[in-house]
Structure formats: structure tokens, C-alpha cells
1. Restricting to region 176-188, what's the tally of residues that are under 15 Å from the mean Cα position of the chain (by Cα) and either polar (S, T, N, Q) or open to solvent by 50 Å² or more (accessible area, probe 1.4 Å) (or both)?
2. Just one of the numbered conditions (1) open to solvent by 60 Å² or more (accessible area, probe 1.4 Å); (2) within 26 Å of Arg185 (Cα to Cα) is not true of Leu19; which one?
3. Give the residues of region 142-170 that are over 11 Å from the mean Cα position of the chain (by Cα), modelled with pLDDT under 90 and part of a loop (DSSP other than H, G, I, E, B), sorted by residue number.
4. Only one residue in Ala138, Ala163, Ala170 is of a type outside the set (Phe, Trp, Tyr) and either under 14 Å from Ile27 (Cα atoms) or free of Cβ contacts under 8 Å to residues at least 40 places away in the same chain (or both), so which one is that?
5. Kindly state which helices (runs of 4 or more DSSP H) lie completely within region 12-120 and contain at least 1 residues that are at pLDDT below 75 and over 16 Å from the mean Cα position of the chain (by Cα).
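The values are calculated or read from the model by the stated rules, or taken from the named source; none is laboratory data. Predicted model, so just to flag it, every value in this text is computed and none were measured. Glycine also receives a Cβ, built like all others from the backbone with ideal geometry; neighbour counts cover every protein chain displayed. With ligands, DNA and RNA removed, areas are computed over all heavy atoms of the protein, side chains included. Shrake-Rupley method; radii C 1.70, N 1.55, O 1.52, S 1.80 Å.
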Amino acid sequence: MTGFLEIVVVAAVAQLAVLPGEKVQFIIAGLSTRYNPLLVVGAAGSAFAGWTVLEIRFGSYLQTVLPGVYLDLLTGILFLFFAVALFRSAPSSGDVDAQPYGGLAAVLDGDLDVRVPYLGWRVPNVMGGFLPIFALMAFGEFGDKTQLVTIGLAAQYPAFPTAIWAGEMAAIIPVSLLNAFVFFRFAH
């Protein structure tokens, strides 16, 4: 029988395995060169926490409607789809006009200018930059490999949603803090 602590460890290790090269970790690194790293990780962690709840709910739902083999196949297909989409969205090496963060954000007059994808609405720069950083992380996290891992774990262990959430936060938050403080300290 699988226990709560075992699932916490499984979730943490799974997240640690996919965090290297994660796009939101690059965003955290970049933002930490300009903003307080605690603010950046606080906003990012809030976005991660919310997304993780939704991913666990979705994975648990999928487990009730699809047999395991189809879940594995769907996870693999989605992983490949997002890999191709990410590759195709990357600017070419000679593209000097590439916008940072895929065009979601820019720094204007010292403030972070974050736009809602496809709608173009500007996220107000309030709470010392917390809200635009949160929005940037929430939009940036969509479709990440970490989401696929979370959905897969929730489908595989539907009886342990809290353990999955705790394990993932136990991996993501310290890695994000380390990333933020290293880039804050050594970027200049």
C-alpha cells in the first residue's frame, strides 16, 4: 500500500526531474535580476500552487473517465505536442527583434508590462510588481512539462491529492528560491 509520505517523495522527485530547463525558471531568473527575489518567488509560488491544484483536479477527473493505457498515451502525445510547439515558437538565432518572455511582457519605464495572451489586456502593475509577476508565471506555466507530470501523478494516485501538492511545492519553491537568489546576486 502506498502511503502519504511516499507520494510526497514521488511528487518531489518527479518535479525535480523535470525542473531543469523549465521556462518559468528562466523567467524567475530574469525577473530576479530586476526585482526582489522574494517578491518574484512569492508571486511565482502562488501561481504554481494554484495551477497545481487545478492540475491535480484534472488528473483525478481523467483517471475516472479514461483507462490507464489511454492516460499514458495521452500524456506522451501532449508532451510531444508541447515540445514541438515550444520549438516552433522559439525565435530564430538571427531574430534581434524577439520579445522577452514570448511577447507576454516587457519592461517599460521601470514597470513590468504584462499582457494577457490573445486578449492584449494589460495586467496592472500593483502590489510592488506582485500581480504582473504572478500573471506572467500563471500564463508562462500553461502547457509546461511540470503540468503533465502533475496530471499524470494525480491520475495514478487519485487518493493522495494533498501529498502530490505538498511534494511538488517542496521541490518547486526551494529550486525557485535558489534560482532567484543566484541570479539576483550574480547577474551584474
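1. 3
2. Failing condition for Leu19: (1).
3. Within region 142-170, Tyr157, Pro158, Ala159 meet the criteria.
4. Just one listed residue meets the conditions, Ala138.
5. Hits in region 12-120: 68-89.
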